[in-house]
Amino acid sequence: MRWRKVFETNEYGKIDRIIWYDQESVIISGQGRRARSLRYADGLEVWQLAATTTNTNSNQDTVAKHCQVIKNRYDPGTIHILSDDLLWSVSSYGEMLWSIEIPIKSTLKNLFLLSTSQYVIVGSLDSNSNQLQVTYYSKQDGQQAFSSSLPWSFNAKDSLNKCSTMNNLILCSNNDELSIITIPTTTDDTNVKTRHIKASSKIEQIRILYESTTRSVILIKSDNGETKIYQFNKKESTSEWDFNELNIQMKSNSFISIATDKNLAGQQILEASANDQKLNFHVSTINEQTLTNTRSYSVELPENMGEIEYLAYSVVKNTQLVTLRMQDGSLLVIKLADNGAELILHRDEALSSIISVETFDLSLSITQMRIEEEFGGTGMFSMFTKRISSQVSQLISFFLRLMDLFTHGNRNRDYLDKQAALVRDEFNLNKILIVVTSVGKVFGILTQSGGILWKNFFPNFAPFEHFNAVHVPLFHIRSAAHYTHEPLASIVYRDRNSLHDTHIRTFNPYTGDLENNLTTSSLPYHVKRVFLSTQAVDEFCKVLLFVDTNNKIHTYPPVPLSRALSTTIPTYIYLFDKSEQAFVGYYLSIDENDQKTSTNLKEVWRVSFQNEEVINIHTRLSSDRVHSAGIVLGDRSVLYKYTNPNLIAVVTEGIDYQKVPFVNIYLLDTVTGSLKLSHTHKRVKSPVHIVLSENWIVYTYYNQRYRRYEAVSSSLFEGEAQYNYSTFSSFDPIEPVIQSKAYILPYGVNAIQVTTTEKGITSRDIIMATPNGMLIEIPWILFDPRRPLDLTPMDREEGLIMYTPEIMVNFESVINYYKYVYNIRGIHTVATGLESTSIVFAYGLDLFFTRVFPSRIFDQLKDDFDFMIIGWSTVAFVVGSFVAKRFASIHQTKKAWK
Amino acid sequence: MFEQNKLLVVLLVLIVQLQLILTFDDANSGSVSLNFEDNIDGKFSSFSKLNIHLSSQTNFDLTPSRTIPLSQYERLIDFKSDYPYYTLKVHFKRGATQDYVMTSVPMCLVLQAQFQYTVTLFVSENGYIVGVQVTTGNSTCTLSNINQIEQKTEYNYKATMRLQLNDAGPQPDTQRFLEKLKRQQEAKINSQDADNRPFILKYWKYLLPIVVIVVLQSAFTNEGGAPAAGGGGGT
């Protein structure tokens, strides 16, 4: 990759159209409000222009903006942009030629933008009189020249969806008919001509394949799969066009692209279609009405990539190149040559749209497994024989390995290395990441190298909606702890075509092979929520539990509920009702002898948010461990933590009676439906990022009043005494004491997460991804809500730091150094076998993986540890003690003789 | 012209006042009517109703409209029921909005406390009820505990209600921090200002050792070099 440019995450980064020139391209983004030019050679942004508007924020949020960008065919260096009521022109060398604001009326909507050699023409729909007002603006200075109107039968929405513009033509589909409306280009000609093309059934799509001042090619696709291509030719010295159909036979799923080159005699048309793992191409030259010189190519793809989503065909210096984007997000570049087609580039762009991540431990090595086996068995005799036999086999395999090493050397080095990569290391630092992307491609990634181990594509994939985001439930069905059985992971997703159908796919995370017994494509109920059973059922496998739309709970695979869930501890489930903005808690009681595989839920609590909209919820990580129940204060007393495992954080947004926007953060107990914390922040904007762990919560938001990012940290304490030291119950009458502090953050926040360690002894660090590409590791003690403003000796004894309103970020705590990662959407942290070490995986547009040591490396030797000194000094001490012993005994003997 | 303007201003002021009253009415004086229901009869039935004004008081006592006869109490003690939970449902009506919130606690906790419990209502920013919580002062209960309780012919609800409003979220405490910095700086300046003693008095601690060393050194050199010096003096 030579260069890349990351655009803004807000609306100014959304590209509307790219206009390609020889040396650079002009990119229009932000709903036609930004224009910039990028040079191909080095990715340098040559210029950038912003539209000058007077009414910027008037009705920005409510009305969906509409924008049209065209390149003037008669003057290719000029680009006209119509963004709602703003019409402006820029030249390709970065000069704003002119910009005018078209007077707005509520009934008048600007829809079409056309250009001629003299005029820029705006077609606006007057919904009162059902007329299309055509206004001509001078191309030189934007002065309004004249206007006319013509009858119009479509409404604004239909006009946008079903019409396209081309030169001075507006093409609109109306069921099975295509209307071609010719807009006059000069003042003396006012004749609007409308002609029709009939199709065999309802027209689905009109695509303009090629456009120039004299010739154009369009494609019409009907809903019965029939595709027709028409060629338009301009009549001499008029503004009218002739058209004729090209005689071309096409498959229903094929894509078409046209390339022109100065060296080529005519234009070449490329038809591409995907078929399983094969891409087929047909290249022909367009003649008057027929195609000649048809050549066919086909190329085998390394994996199934689904259908074609985008196709571009170009001829660069006599090299025919096809660029494709496939359904699975792959970017392909294929070279067509005389000796056939060749795949020259394949990139998995799906990796930039990860939505779910899980980590699996690698499998034990054979010797590690034998050790596990060695201590199994029941009864003295069997245990003895097992130990002896396993030790004998260890000895034999050791000798065999030695033999192999001497005789064969490094014969299958590569194979062995690959095998070794899949074996768990001593400290369980290397893992395998399972990532699910929003296009339906699942990857298995090795953490030590970042290499993709396997990938699977599910073509009918659609993610579930989860508040304002999408998500795909990904579960550990069987963990890697059971060395006799391979681990299993399951994903649950909806069908792309019928969103009520749910698919379950279970696979082996090491190989990606599907486990067909646990894979299904149809559940006889509509799924509202899915979660994992608390108990393993058969062969250490957990089962999936589904709540359907009738609030009934089912198991998959069907097993009695009494085996899937604990019968002694009641199960509580909460669901969110979006239409009423209410959380409802349910209770599930299971009889031990009950063999039912599904049962109804009973409503036990309800929390409703009136005039507030729930925008997100956040649960604590399942791997969250609390090591100590309290904090030792400076005076040697203990402050007990309120560690309620049933809490979730709820974020709501709303507008209060003074019309001030606010954001509320609640901590909701999901057993009783009570609120343990409720914070209101006025004049604050989402997104709110939350970390919930142990007895504390940290959340960040944007403060509109001070225009800065802030973080609030709150801790919940039981107080000086603990209600129940052994177990926690949500029914305990504890009123948690809340301590909170707010801090100013030096950067914006894209995502935050907390480090995870195996036992939770290591202190916690907050990992924060910032919009400028940094991943910052901030110790939690900087967020501690107990940081005092005036530090007393007692506080110092406890190790508290004095309160400062701003959290100072040291550049040493940027864990990705200068490897900046952009648009991070989530951070995943996992514990390793070493208590000091936590794994961090950040994903978004870029991926980043590293290990962090929140309390430094306290359980490892440093890299520069001097083994020689320790070794030699041990030897010296041993020798010294022997020598001393000898001398002592001689001394003793001498003493005895005296 | 002037008259007209004046009239317009008066009218405007009136409109603004009216709007203010309306918003005030909508927000603060809007009372909330509450209806408490529980499920001890097997279905939800009301046992208390209450009208409250937000922002005036936060603690209330519920006045029960019915009692629990002994027979019902004994029926509830029989835990074989399919649903061993005491569920409290609070219907609320505020302006045109009405909704309900509810919560549950194990039935035996309420029986053990003889229907004496605390209800906490969580009130949102806009004056709506978000959630409800019931606490009885215990988290565990046993049948023997309940049986030890003296038998009455009928049991009365003794419920107190508490309103809990949303806390204002904390703000970065820049003001106090800056004040503190200022105080520290002032203290520093003051300490420098106050010290206008003469040079000798200020630094005598550092000067004294030097003086002592010099004196001692000269004394020693005098001892050793005295003859030479004396000799020199002699000539």
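The values are calculated or read from the model by the stated rules, or taken from the named source; none is laboratory data. In this text, all values refer to a predicted model and were calculated from it rather than measured experimentally. With ideal geometry, Cβ positions are generated from the backbone for all residues, glycine too; neighbour counts draw on all protein chains shown. Side chains included, ligands, DNA and RNA excluded: accessible areas come from the protein's heavy atoms. Shrake-Rupley method; radii C 1.70, N 1.55, O 1.52, S 1.80 Å.
Would you mind estimating how fast the stretch B:28-165 diffuses translationally, via Stokes-Einstein at 4 °C and 1.567 mPa s with the Kirkwood radius over Cα pairs, in µm²/s?
This corresponds to a translational diffusion coefficient of 82 µm²/s.
What FRET efficiency do you get for residue A:592 and residue A:425 if R0 is 35 Å and r is their Cβ-Cβ distance, rounded to the nearest 0.05?
0.25
Roughly how many Å² is the accessible area per residue of the stretch B:28-165, as a whole number, for a 1.4 Å probe?
45 Å²
Can you compute the modelled spin-label distance between residue A:569 and residue B:182, with each label point 7 Å from Cα toward Cβ, in nm?
Placing both labels 7 Å along Cα→Cβ, they lie 5.4 nm apart.
If one puts a single equal scatterer on every Cα of the stretch A:449-602 and applies the Debye formula without solvent, what log₁₀ I(q)/I(0) results at q = 0.12, 0.15, 0.17, 0.19 Å⁻¹?
-0.56, -0.86, -1.08, -1.29
Lone cysteines in chain A, going by a 4.7 Å Cβ-Cβ cut-off?
Those would be A:67, A:541, since no other cysteine Cβ in chain A comes under 4.7 Å of theirs.
How far, in degrees from 0 to 90, does helix A:867-897 lean away from the longest principal axis of the Cα atoms of chain A, to the nearest 10?
So the helix axis and the longest Cα principal axis differ by about 0 degrees.
Quick one: go through the stretch A:173-193 and flag any residue whose amide nitrogen is under 18 Å from the point 7 Å out along the Cα-to-Cβ line of residue A:157.
Answer for this model: A:173-175.
Return the subset of A:676/B:43; A:278/A:528; A:578/A:685 for which the Cα-Cα distance in this structure is over 31 Å, preserving the input order.
Pairs exceeding 31 Å: A:278/A:528.
Could you give the alpha-carbon Rg of the stretch A:798-898 over 2.2 N^0.38 Å, rounded to two decimals?
2.11
Given q = 0.13, 0.14, 0.21, 0.24 Å⁻¹, what are the Debye log10 I(q)/I(0) values for the stretch A:432-537, with equal point scatterers placed on the Cα positions and solvent ignored?
Each listed q corresponds, in turn, to -0.49, -0.57, -1.22, -1.46.
Angle, helix A:380-408 long axis vs. longest principal axis of chain A, Cα atoms, 0 to 90°, nearest 10?
Tilt of helix A:380-408: around 60 degrees.
For the stretch A:615-704, just the Cα atoms, rotate onto the principal axes and tell me the three extents in Å, largest first.
48, 30, 22
Given R₀ = 25 Å, FRET efficiency for residue A:6-residue A:42 by Cβ-Cβ distance, to 0.05?
The formula returns an efficiency of 0.95 here.
Based on the Cα atoms of the stretch A:253-345, what semi-axes does the equivalent ellipsoid have, where each is the square root of 5 times one gyration tensor eigenvalue, given in whole Å with the largest first?
On the way: eigenvalues 101, 36, 27 Å².
With the √(5λ) rule applied to the stretch A:253-345, the semi-axes are 22, 13, 12 Å.
Determine which aspartates and glutamates satisfy two conditions relative to residue A:105: a Cα distance under 15 Å, and not lying fewer than 8 residues away in the same chain.
Result set, ordered by chain and number: A:84, A:85, A:126.
Suppose R0 equals 51 Å; then what is the FRET efficiency for residue A:735 and residue B:197 from their Cβ-Cβ distance, rounded to the nearest 0.05?
With R0 = 51 Å, the Cβ-Cβ based efficiency is 0.30.
Determine the equivalent ellipsoid of the stretch A:723-787 by diagonalising the alpha-carbon gyration tensor, then write out the semi-axes as square roots of 5 times the eigenvalues, largest first, rounded to whole Å.
30, 16, 11
Among the listed pairs A:5/A:335; A:659/B:89; A:641/B:180; A:602/B:89; A:71/A:157; A:641/A:682, give every one whose C-alpha distance is greater than 21 Å. Could the numbers behind the result be given before it?
Working: A:5/A:335 26 Å; A:659/B:89 31 Å; A:641/B:180 30 Å; A:602/B:89 14 Å; A:71/A:157 24 Å; A:641/A:682 29 Å.
Beyond 21 Å between Cα atoms: A:5/A:335; A:659/B:89; A:641/B:180; A:71/A:157; A:641/A:682.
Mind checking the full-extension length gain between residue A:141 and residue A:191? Use 0.36 nm per residue of separation minus the Cα-Cα distance, one decimal, nm.
15.4 nm
So how long is each side of chain A along the principal axes, counting just the alpha-carbon atoms, biggest first, in Å?
137, 78, 65
Rank A:301, A:532 by accessible area, highest first, at a 1.4 Å probe radius?
From most exposed to least exposed: A:532, A:301.
For residue A:303 and residue A:629 in the same chain, what is the full-extension length gain: residue separation times 0.36 nm, less their Cα-Cα distance, in nm?
112.2 nm
Using θ = phi - 60° and the Karplus relation 6.51 cos²θ - 1.76 cosθ + 1.60, list the HN-Hα couplings for the stretch A:503-519 in order, rounded to whole Hz, with x at every Gly or Pro.
Per residue, the Karplus-derived 3J(HN,Hα) values read 10, 10, 10, 10, 9, 7, x, 7, 10, x, 5, 6, 9, 5, 5, 10, 10 Hz.
Using the Kirkwood radius over C-alpha pairs as Rh, can you work out the diffusion coefficient of the stretch A:730-889 via Stokes-Einstein at 25 °C, viscosity 0.890 mPa s, in µm² per second?
127 µm²/s
Between residue A:449 and residue A:481, with labels modelled 7 Å along Cα→Cβ, what's the label distance in nm to one decimal, could you check?
In this crude label model, residue A:449 to residue A:481 measures out at 3.0 nm.
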